[in-house]
1. Could you give the size of the charge dipole of the range B:439-584 about its Cα centre, using +1 on the Cβ of each K and R and -1 on the Cβ of each D and E, expressed in debye and rounded to the nearest 20?
2. Among A:Ser416, A:Ser103, A:Leu350, flag the residue with its Cα farthest along the positive direction of the charge dipole of chain A, charges on Cβ as +1 for Lys/Arg and -1 for Asp/Glu.
3. Using a 10 Å cut-off on Cβ to Cβ distances, tally the other chain neighbours for every residue of A:67-76 and report the average as a whole number.
4. In whole Hz, with x marking every Gly and Pro, tabulate ³J(HN,Hα) for the range B:468-476 from phi via Karplus 6.51 cos²θ - 1.76 cosθ + 1.60, θ = phi - 60°.
5. What dipole magnitude, in Debye to the nearest 20, does chain A give about its Cα centre under +1 on Lys/Arg Cβ and -1 on Asp/Glu Cβ?
6. Based on alpha-carbon centroids, what's the gap between the range B:427-470 and the range B:160-201 in Å, whole number please?
7. How would B:Trp203, A:Trp437 line up from fewest to most surrounding beta-carbon atoms within 10 angstrom?
8. Can you tell me the order of A:415-427, B:346-358 when each peptide is scored by its average per-residue count of other Cβ atoms within 10 angstrom, highest first?
Amino acid sequence: MISQFFVLSQRGDNIVFRDYRGEVPKGSAEIFFRKVKFWKQDGQEEAPPIFNVDGVNYFHVKVVGLFFVATTRVNVSPSLVLELLQRVARVIKDYLGVLSEDSFRKNFVLVYELLDEVIDFGYVQTTSTEVLKSYVFNEPIVVDAARLQPLGPAAIFMQGNKRMPGTAITKSVVANEPGGRKREEIFVDIIEKISVTFSSSGYILTSEIDGTIQMKSYLTGNPEIRLALNEDLSIGRGGGSVYDYGSSYGAGAVILDDCNFHESVRLDSFDMDRTLALVPPDGEFPVMNYRMTQEFKPPFHINCLIEEAGHLKAEVVLKIRAEFPSNITANTVVVEMPLLKYTIRASFELEPGAVGQRTDFKEANKKLEWDLKKIVGGFEHTLRAKLTFSQESHGNITKEAGPVSMTFTIPMYNASRLQVKYLQIAKKSSSYNPYRWVRYVTQANSYVARI
Amino acid sequence: MAPPAQSQRSQSPSQPSGKSEVSDLKLQLRQLAGSRAPGVDDSKRELFKKVISYMTIGIDVSSLFGEMVMCSATSDIVLKKMCYLYVGNYAKVNPDLALLTINFLQRDCHDQDPMIRGLALRSLCSLRVANLVEYLVGPLGSGLKDSNSYVRMVAVIGVLKLYHISASTCVDADFPSTLKHLLLNDSDTQVVANCLSALQEIWSAEASTSEEASREREALINKPVIYYLLNRIKEFSEWAQCLVLELVTKYVPSESSEIFDIMNLLEDRLQHANGAVVLATVKVFLQLTLSMTDVHQQVYERIKAPLLTLVSSGSPEQSYAVLSHLHLLVMRAPYVFSSDYKHFYCQYNEPSYVKRLKLEMLTAVANESNTYEIVTELCEYAANVDIPIARESIRAVGKIALQQYDVNAIVDRLLQFLEMEKDYVTAEALVLVKDLLRKYPQWSHDCIAVVGNISSKNVQEPKAKAALIWMLGEYSQDMQDAPYILESLVENWDEEHSAEVRLHLLTAVMKCFFKRPPETQSALGAALAAGVADFHQDVHDRALFYYRILRYNVSVAERVVNPPKQAVSVFADTQSSEIKDRIFDEFNSLSVLYQKPSYMFTDKEHRGSLEFADELGNLSIGEAADNVVSSQRVEENDKDLLLTTTEKEETRGSSNNGSAYNVPYDSSTSVFASQTQIESAISNPTTAGHSQQASFGIDDLLGLGMPAVPNVPSPPQLKLNTKAALDPSTFQQKWRQLPIALSQELSLSPQAVAALTAPQALLRHMQSHSIHCIASGGQSPNFKFFFFAQKYEESSNYLVECIINTSSGKAQVKIKADDQSTSQAFSTLFESALSKFGTP
């Protein structure tokens, strides 16, 4: 049970504010914002998603730079409130098409309509985009997605600060198409976030894939859908969850550690033929989340050398090799490396003829940054950096720099080899042939090489 | 209620300042109020939108109330909704004008369209004006009977709103019993869920004054209601499922088959994508199996994977909430997670609050087989850019060192830290090395060699400096330079700002003096002089005390200041086990995130329906019937202790962590059997004990001098009270407070081993020797017992923990006693009683 719900902009302005129970004293939005802004004096530490000020519990999630906040005085289930906030954000996105401060401000009356039906006196009533349709009467004022600040090609998959995958679809579930007719289409995205840690000698210390099969359906009449996955897919690792590399690598079978499913998914024939059956509700939702620690081939190999090169000088050589086929291209690759604290200057040398690459030395936090617009499969890129120090280094300089971390997005590539073999739409008419989009994308969650 | 009426915030230039705009709006609204011109609704919409946007950013638009109400006569539903929103926000501050709205809201409550009926009813109940409640009862009554489920849904919550405005009106209209009827009969699950929320809130609030209400609240947790809700669980929305599951955690099944039925029914809820549903299910599983050690263990194994999946899917905020719960479970049963340690490695981009949890989890799960890898990983973090985390990583390494038996490799790592030449790393490592030496003095040689190389000038942090000084004093005989380093520190006395460091310096110089007098004498003189002149009271007092005791007798001073020390075996835990149990009872609530029980952060009236433990706790003193409840609790609380002894068998046995919880029937019955055993063991003596004590009391008062039992010189042999009574909570409290008086290992005869097939066999035997059991558990070959006994005619207690391994035929016995002097006598008695076990 929550007491208030509000959305704040990055600057702390109320965008919507709904008080359901009148139990929390006035000024809660200001108290919240001040607390988050100045969590720790040095500003180094982020405020946790849940904290208590004077007996009021504040919950928040950050979505597209906005704070979605709930307050309560009661000892509630934290997961319930955070899931709810996330879900409210998703429902609003379903209606507005695009979630941004601008679209919020243009449509706040619609948002209030939604909020009144989603929560009554602090208790959740429904978060189903479909059910809500019959209670919402305002037409969304659609914000042109193209008018938003220029986003990189991968940004369409980005949301929030952990690169929460969204989809490219920016269509409202209620808005009418310009032509008056709705286009029949369904989107299925297989989004994988990978985490790999390489030891200083290049071994894989840990690796994990966290995947989601996300669906967004614009089909009329809610037909049943069957989604077939790899036949050799198996779930649960026999003999406990000890990391067990090498045993199954290359054998072809995809072994998930564990997974969970959306409520609408029926698993009647899942054990037999790995098929998920569901009647997709309106809006965007995850059909299945999965987790895998089975060994996979990391898409990038990172090689980093740091050596002293004379008095108060050192050289860094960074090599990135793309270990995927040449018909695949990674986007918006960023390589970062913290340098020694007493580095005062860094000069960079890219390979001859390099295009779409940018280098930077962040003076404030002594960090090296290397951006690559794209990397084509099979290619290797090298960066050399000459560092100048303000003082003599005492010990081992490799101990005081690094680790190298990488972020990237690779469209049409998935590391787990989990696949949607087919997407069947049950509908009687033979002429009915809606658009089906099945897309794969892999992103780095935490991709780190120690030096 | 929205925005503060008088906003304190300075308005930014882009936002309207208020006054003139509001009066402008007032004028425009007035013009439109009576108009029936075509297109007027569109203009109204624009104006209404403006009003609501002002309201949102905190401009007071309450002065428009009259105009807004005048404009509300419309059939346009969008307008209506905006008007309802406005009215709901300002009715409370305009109670007189609110009366104006009653009319049109009441009319709308009879509209053709169920949507309008619902909306109007919701707005009507949201006015929050006490003198308007009379207008609510009628529409609410018909709303609850409405044929449309949307209206009923709104009406049920409406009843709750009415209760908060005027509790008596709500109760007098008999609405709670109507809700109770709907709860069990309505076809719509959201109506049912709302009834459940409303009734829980109403009856919890009423329970403090009305016994009937508290009975009604208890009645929600009875078998028919629980089964009715559970059987429909999949029809409920995911949010309502959480509500139902929370209710189920309070239900106490009457037999173990019920427990398995419920768990099998809810098994697939663990695969739900909504973390709140999964955690609520986990709570049900954990609570239901508390009294069944082996199944409880299986539950841990079962819930591991789903929780890990939730941690890695979803937003960072959601994963944090789940991780906090996983943290709690890991701290309770680290060995269950010891092979999953890699999941608790920190990622470089995680926020500090996540890293901190993970570091604690890594520390907890470290055991013989994974320590090397965990410590290697932690050492990587020590060079982290995030300095607070780097520090905590080093501390984690130290903690692992203190909880392990084989610390060889770890000591080397710690010493490497000292050589890293980063101030904060050195500082943390020094503190750790000090603690390590207090536990493992045998490492002093290696450590001192490295510590000796550290220049005291490079150590600035008080804690680290104090640690270094402590080591200089403690090991001054092994450190060549110790007296001179201390001397130079004393010379800089005035520059030392930390009193803690000065205190340590005084003591260290003293210790050094006892070991190497000629070299230290001058430093000691200077230190005492400086100390006596110190402004800090404690420093001054200590210096004076040292000075006087030295004058009195140097060898006495040495015995006081530098006595031979025993190695510290266990460093005290910061949180008591009682608090930890409280938090565990409040699983799936904020208590887990804050790591505090709810009474520490909520006011009484807001603790809500989660508070169940409270009532259980209050029952612990009193009659026999209550003792039964709390004796179960002791067993529950002790579960994790029990788990540790049976751990090895369990992990072997529970590899079949499949979906079915079909535990061999005999094992579960034996658990229950042992419980009833305990109950009877406790309940009878309690009453008997009371009456006996009472009669003695009277006799004393009368001064009649009972048959001279007390006058007989006490026999060398200890006599125990055959009808001793001790309630479990006192037992727990005493167990925590008292030191271990005796600890020994006894051997069991082969006959005893053969007889010990189930715990209760030994219970009966020991009882015949006046040693009573208060809790027991375990399975062959590991059993664990808590016994107590009382001295005859004195309320002096003996507490015993006895762990028996039948395969080795050994019993580990720990004895605690109120009266330490007789513990040896009791031990002899206990041993002889135990040795007779199994002999016919």
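1. 420 debye
2. A:Leu350
3. Average per residue, whole number: 5.
4. Running phi through 6.51 cos²θ - 1.76 cosθ + 1.60 with θ = phi - 60° gives 4, 5, 4, 5, 4, x, 5, 10, 5 Hz.
5. Around 680 debye, computed over chain A.
6. That distance is 65 Å.
7. A:Trp437, B:Trp203
8. Highest-to-lowest ranking by the protection proxy: B:346-358, A:415-427.
Quick note: the coordinates plus some simple rules give every number you see, no bench work behind them. Model, not experiment: these values are computed from the prediction. Ideal geometry is used to build each Cβ from the backbone, glycine not excepted, and the neighbour counts take in all protein chains shown.
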